[in-house]
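Undergrad: The following block contains the structure, expressed as structure tokens.
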């Protein structure tokens, strides 16, 4: 499965994703990192990457692994922080919003560590494109060490729906039209929007360009 971008109702190629990246950009309105954001990497990192993601998007699954590799890259380790926000594409993936709410429940009952553990597990096991059986979510949560009963109560209550919707609205305001959609923020507040599951090498070039300033 090659890299790409989920946009509108169909995936597009790397070439098309590149065209999205290189098109004239409208002003970006992205909310700053908040205390309730889900962050991997140092909070005082020189570069922050805010990713808007959909747990049933196959390209998000690829990009999740790319971001994990970026954070452990020997040249960039300790210089980059990754912020995950939700952007479920409801017209494409009917299960994505519910799964995003589940990830927020993981944060509610297991903190930042619980959130990232379940997020990684969902991307690991889902076939993507609504292929995950959502009835498995409580068992998946338990498998990464979360309290199953508390998680299930949270998920069935719908108490995290507003958090997911807030991220969704933020993604649209930030110029998101597909997933994954990321904004790389540099040491001086520079912003580079990145559409699609760009390869690790390309992502590194973008990050390193900001570190030169």
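Values quoted throughout were computed directly from the atomic coordinates according to the rules given, and no laboratory measurement underlies them. Values in this document were obtained by computation on a predicted structure and should not be read as measured data. Positions of Cβ are generated from backbone atoms using ideal geometry, with glycine treated the same way; all protein chains shown enter the neighbour counts.
Undergrad: Hey, residue 210 hits all of (1) touching a helix residue (DSSP H, G or I) at 6+ places or on another chain (Cβ under 9 Å); (2) within 19 Å of residue 80 (Cα to Cα) but one; which does it fall short on?
TA: The number of the failed condition is (1).
Undergrad: While we're on this one: Which one of the conditions (1) farther than 17 Å from residue 64 by Cβ; (2) surrounded by 15 or more Cβ atoms within 10 Å (Cβ to Cβ) does residue 117 fail to meet, given that it meets all the rest?
TA: (1)
Undergrad: Only residues that are touching a strand residue (DSSP E or B) at 6+ places or on another chain (Cβ under 8 Å), surrounded by 19 or more Cβ atoms within 10 Å (Cβ to Cβ) and farther than 19 Å from residue 175 by Cα: list them for the stretch 46-57, please. Walk me through it before giving the result.
TA: Our first condition is that a residue be touching a strand residue (DSSP E or B) at 6+ places or on another chain (Cβ under 8 Å); within the stretch 46-57, this holds for 46-54, 57.
Still in the list and also surrounded by 19 or more Cβ atoms within 10 Å (Cβ to Cβ): 47-54, 57.
The answer is 47, and nothing else.
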